[in-house]
1. Cβ-Cβ distance below 6 Å, separation of 6 or more or different chains: which pairs start in region 43-56 with a residue that is more than 15 Å from residue 151 (Cα to Cα) and in contact (Cβ under 8 Å) with a residue 24 or more places away in the chain and end on one that is surrounded by fewer than 21 Cβ atoms within 10 Å (Cβ to Cβ) and among the charged types (D, E, K, R)?
2. Which numbered condition trips up residue 110, out of (1) modelled with pLDDT of 90 or more; (2) part of a loop (DSSP other than H, G, I, E, B); (3) hydroxyl-bearing (Ser, Thr, Tyr)?
3. Right, residue 82: in a helix (DSSP H, G or I) and at pLDDT 90 or above or not?
4. Among the residues of region 26-33, is any more than 15 Å from the chain's Cα centre (by Cα), hydrophobic (A, V, I, L, M, F, W, C) and more than 21 Å from residue 7 (Cβ to Cβ)?
5. Quick one: which residue in 76, 83, 117 is under 20 Å from residue 139 (Cα atoms) and touching a helix residue (DSSP H, G or I) at 6+ places or on another chain (Cβ under 8 Å)?
6. Is there a residue being on the phi < 0 side of the Ramachandran plot, among the polar types (S, T, N, Q) and surrounded by 15 or more Cβ atoms within 10 Å (Cβ to Cβ) anywhere in region 112-134?
7. Residue under question is residue 126, and the condition is that it be over 17 Å from the mean Cα position of the chain (by Cα), part of a helix (DSSP H, G or I) and of a type in the set (A, V, I, L, M, F, W, C); does it hold?
8. Which of (1) farther than 28 Å from residue 152 by Cα; (2) in contact with a Pro (Cβ under 7 Å, 6 or more places away or on another chain) is the odd one out, the single condition residue 54 does not satisfy?
Amino acid sequence: MILHASKAFTEHMKCKVSGPNRRLPHHASLDSWSIDYFKVTKGGAYALVMNDASLSTIIIPLKGIKTFEVFLPLMLARVADFLGRYGLPFDASNQSVIILPRSNRSLIGTMDEAKVLIQDSVYYDVNHVGIIDWESLEQELNETPYSRIDYDTPDMRLRRVIG
């Protein structure tokens, strides 16, 4: 598994990046994921984990998680659960992981777009509903069309990638 991590994520999680000062190719494949760190007003800190091929999105709360060693098993379990819903086998306990810097500007822009959608949804939930439904928000992101994948939704694109 290849993880393309933002500088904010690597600094917060205190994790080492392979080739930190080089721009390495950033190919979109099913085993390649991008990660960013973000904070939500009244919601805490989170990791946005997005599949590079489908833009499928997983949101992981970071409350109490200070190191990558603690974060990684949680993320792998969430990826296994997510891919399992589509019938894809993923052995979370048997993965080789390399962390590279993010270099794909288009994907970085899409992740920033997703963070804006998250901020807007959280603002609405906090001010009108009273609670933040993270599972519903994650589902909403995976049903949102993105220009980067020709206005497919991540759910549709993932089905095409594995189909």
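1. So the pair list comes out as 45/39.
2. Here residue 110 clears every test but (2).
3. Yes, satisfied.
4. Looking for residues that are more than 15 Å from the chain's Cα centre (by Cα), hydrophobic (A, V, I, L, M, F, W, C) and more than 21 Å from residue 7 (Cβ to Cβ), one finds none in region 26-33, hence no.
5. Residue meeting the stated conditions: 117.
6. Of all residues in region 112-134, those on the phi < 0 side of the Ramachandran plot come to 112-129, 131-134.
In the following step, the residues that additionally are among the polar types (S, T, N, Q) were identified as 119, 121, 127.
Then drop every residue that is not surrounded by 15 or more Cβ atoms within 10 Å (Cβ to Cβ), which leaves 119, 121.
Checked against the condition, which is being on the phi < 0 side of the Ramachandran plot, among the polar types (S, T, N, Q) and surrounded by 15 or more Cβ atoms within 10 Å (Cβ to Cβ), region 112-134 yields at least one hit.
7. So residue 126 fits the description; yes.
8. That leaves (1) as the condition not met.
The values are calculated or read from the model by the stated rules, or taken from the named source; none is laboratory data. Here the structure is a predicted model, which is why all the values come from computation and not from measurement. Methodologically, a virtual Cβ is constructed for each residue, glycine included, from the backbone with ideal geometry; neighbour enumeration extends over all protein chains shown.
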